[in-house]
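A short reminder: the numbers here are calculations on the coordinates, not readings from a lab. The model shown is predicted, which means the values in this text are computed figures rather than measured ones. Counting neighbours? That spans all protein chains shown, and the Cβs are built from the backbone with ideal geometry, glycine included.
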Ligand SMILES: Nc1ncnc2c1ncn2[C@@H]1O[C@H](COP(=O)(O)OP(=O)(O)OP(=O)(O)O)[C@@H](O)[C@H]1O
Ligand SMILES: [Mg+2]
C-alpha cells in the first residue's frame, strides 16, 4: 500500500449523513488538491453516493466480480493475470469527473452475496490505493464492513452520528470494534444534523474526538429533494463548512 495514500472511510448507523458527508469531503478534497488523484468509493450496496456526486456509474464492482468469476472458470487463468485483468476492468468502469474517479460496489442480486462482494471490495481497495492520493469510502450502515475487515487499512475513520443519546452511546462500541479490526491513524466523530449544536460541549465522545458538529442544513435537504449533487451547493453551505471542519480536525486539509 502506498504510504502516502490517505484512505478516509465514513461509518455510522443508517441515515445519519454518511453519504452526504462523503460527497462533501470529495468535493472539498478536489477543491483543495486539484492536482491529486482522488477516488470515491460507494461501498454501500444500497447506493447513493453517485447521486450525491452527480455521477452515473455504468458498471459496478459486483458486475465486474461476476464477470471475472465466470471468466476464471472458463480459462483457469493464472492468479496474476486475473488480478491484472480485474484492475483493467476496474479502471475501465471507473468514472472520471470533476477531478475525481468513482467506483460503486453495486447491489448483489441474490440475498446472502454480501460476504463475497465485501471480500472482493477489500482486495480491490488494496489493489487500487497505490494509484491514488486520497480514497474516500462511503460505508454501508452499521459495523458489518468493519467486522469483515473491509475497512482494515483505512488511515482516517470518520464516525458519523446524530445527536441522540443512543446514537452517541454507540460511538464507544464502534471505537472498540475499530480498535481491534482497523489499522487507522486517526479517528473522528461528526455529529451531523444536530438540532442543538451548542449542546455538544464534549471534546471527545466514547473515546472519539469530536471533529465537527453540523447543524441542519436546509440547502442540503433541498439539494437532496431535487436530486442535485453536492457540487451544486453554495460554497458557504453549512454541510460543506462542517465537512471542512472535520477534515481540518483530522489533519487532512
Ligand atoms: N446536515 C444536514 N442537514 C440537512 N439534511 C441532511 C444533513 N446531512 C444529511 N442530510 C440529509 O439526511 C438524509 C440522510 O443522509 P445520507 O443519505 O447522507 O445518510 P446515510 O448515513 O448515508 O444514510 P444510509 O445509511 O441510508 O446510507 C438525506 O436526505 C440527506 O440529504
Ligand atoms: Mg448512505
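Against the chain, whose longest principal axis comes from its Cα atoms, helix 18-32 is set at around 90 degrees. Rounded to the nearest 10 degrees, the angle from helix 165-181 to the longest Cα principal axis of the chain is 40 degrees.
When only Cα pairs below 8 angstrom with a gap of at least 6 residues are kept, the stretch 119-213 shows a relative contact order of 28 percent. Put in line by how crowded their Cβ is, counting other Cβ atoms within 10 Å and starting with the fewest, 177, 136 read 177, 136.
Distance between the 7 Å Cα→Cβ label points at residue 97 and residue 123: 2.9 nm.
By the beta-carbon count within 10 Å of each Cβ, the least crowded to most crowded order of 50, 229, 164, fewest first, is 164, 229, 50. Compared with the alpha-carbon gap, the fully stretched path from residue 147 to residue 225 is longer by 24.8 nm at 0.36 nm per residue.
Distances over 19 Å make up what percent of all Cα-Cα pairs in the stretch 137-213? That tail contains 30 percent of the Cα-Cα pairs. Counted over the stretch 6-249, the DSSP beta bridges are approximately 15% antiparallel. Report, in whole Å, the centroid distance computed from the Cα atoms of the stretch 119-141 and the stretch 166-245. Each part's Cα centre sits 21 Å from the other's. Put in line by how crowded their Cβ is, counting other Cβ atoms within 10 Å and starting with the fewest, 165, 27 read 165, 27.
With runs of 4+ DSSP H residues as the only contributors, calculate the mean residue ellipticity of the chain at 222 nm using -39,500 (n - 2.57) per run, divided by the residue total and rounded to the nearest 500. After summing the helix terms and dividing by residue count, I get -13000 deg cm²/dmol.
Treating the angle as unsigned and between 0 and 90°, give the value, to the nearest 10°, between the Cα long axis of helix 79-93 and the longest Cα principal axis of the chain. The two axes meet at around 50 degrees. Taking R0 as 25 Å, what FRET efficiency do you get between residue 201 and residue 131 from their Cβ-Cβ distance, rounded to the nearest 0.05? Calculated transfer efficiency: 0.05.
According to the Kirkwood relation over distinct C-alpha pairs, the hydrodynamic radius of the stretch 6-249 is 18.3 Å. When you restrict to C-alpha pairs under 8 Å that are six or more residues apart and normalise by the size of the stretch 6-249, the relative contact order lands at 28 percent.
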